Amino acid sequence: MKSLTLTAGIAALVLPVTAAQSGIITIGEGFARSCYESSEAQVATPAAIEACNRAFTEQALAFHDEVATHVNRGILYYLSGSLDSADRDYDAALALDPREPEAWLNKGMAALKRGDSAAAAPMFEKAIALRTVRPALAYYGRAIVNEDRGNIRDAYADLQRARNLEPRWALPQEELARYVVRD
């Protein structure tokens with residue numbers, strides 16, 4: 001029977017900035033589009049956040065674009081370290097559409113950033129169940145939760161899944177290197 005050991009824990013839940021994003025594309029041009037592009041490029045400047053704000057006040061947003069702009073502005077707040085503001089936007093998106101997987105995924109990442117893996121766990125489950133466009137990120141987040149809970153096998157399996165889904169993303173492979181499988 002194989003056993004699995006872990007050489008060291010995930011370093012203080014270090015989440016690379018790139019792991020925080022799962023933006024939603026908006027249709028058309030204008031401030032909402034600029035907000036989306038900033039979230040994807042991870043440009044969390046005051047001007048980028050202001051473009052998101054202006055999308056709400058100066059554009060007639062379609063339903064999807066309103067939900068998306070909340071998620072995208074939430075990402076910008078997350079990247080700038082304003083986790084409470086990020087959560088308010090993710091919650092606003094979920095109030096409009098509770099089936100929006102990217103809001104659940106990003107809300108889970110914010111919970112992890114706070115060190116609250118218990119709160120993050122169901123958010124990652126929802127994101128996966130609702131078919132997030134970034135499943136590797138959801139499995140990576142769930143791996144952190146599982147490792148934090150002492151579920152080493154499940155953490156290992158989630159990291160493998162993340163690696164297989166996004167083979168060019170180095171972080172899951174780096175984390176897998178910390179595990180030792182023994183016969």
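Of the set (1) surrounded by 23 or more Cβ atoms within 10 Å (Cβ to Cβ); (2) assigned to a loop (DSSP other than H, G, I, E, B); (3) modelled with pLDDT of 90 or more, all apply to Val43 but (1).
Here's a check for you: in the range 130-183, which residue that is among the β-branched types (Val, Ile, Thr) and over 20 Å from Ala110 (Cβ atoms) is modelled with the highest pLDDT? It comes out as Ile152.
Which residues, taken from the range 66-84, are free of Cβ contacts under 8 Å to residues at least 12 places away in the same chain and not acidic (Asp, Glu)? Break it down into steps so the answer makes sense when it comes.
Keep residues of the range 66-84 that are free of Cβ contacts under 8 Å to residues at least 12 places away in the same chain, which gives 81-82, 84.
The answer is Gly81, Ser82.
The residues of the range 56-90 that are part of a helix (DSSP H, G or I) and more than 21 Å from Phe31 (Cβ to Cβ), listed by number, are Leu83, Asp84, Asp87.
Just a yes or no: is a residue in the range 120-131 part of a loop (DSSP other than H, G, I, E, B) and farther than 21 Å from Gly81 by Cα? Talk me through it step by step, then tell me what you get.
Filtering the range 120-131 down to residues part of a loop (DSSP other than H, G, I, E, B) leaves 130-131.
Going one step further and asking which of them are farther than 21 Å from Gly81 by Cα, we end up with 130-131.
Within the range 120-131, one or more residues are part of a loop (DSSP other than H, G, I, E, B) and farther than 21 Å from Gly81 by Cα.
Considering only residues in the range 124-149 that are hydroxyl-bearing (Ser, Thr, Tyr) and in contact (Cβ under 8 Å) with a residue 40 or more places away in the chain, the one that is farthest from Leu176 (Cα to Cα) turns out to be Thr132.
The values are calculated or read from the model by the stated rules, or taken from the named source; none is laboratory data. All values derive from a computational prediction rather than experimental measurement. Virtual Cβ from ideal backbone geometry, glycine too; neighbours counted across all protein chains shown.
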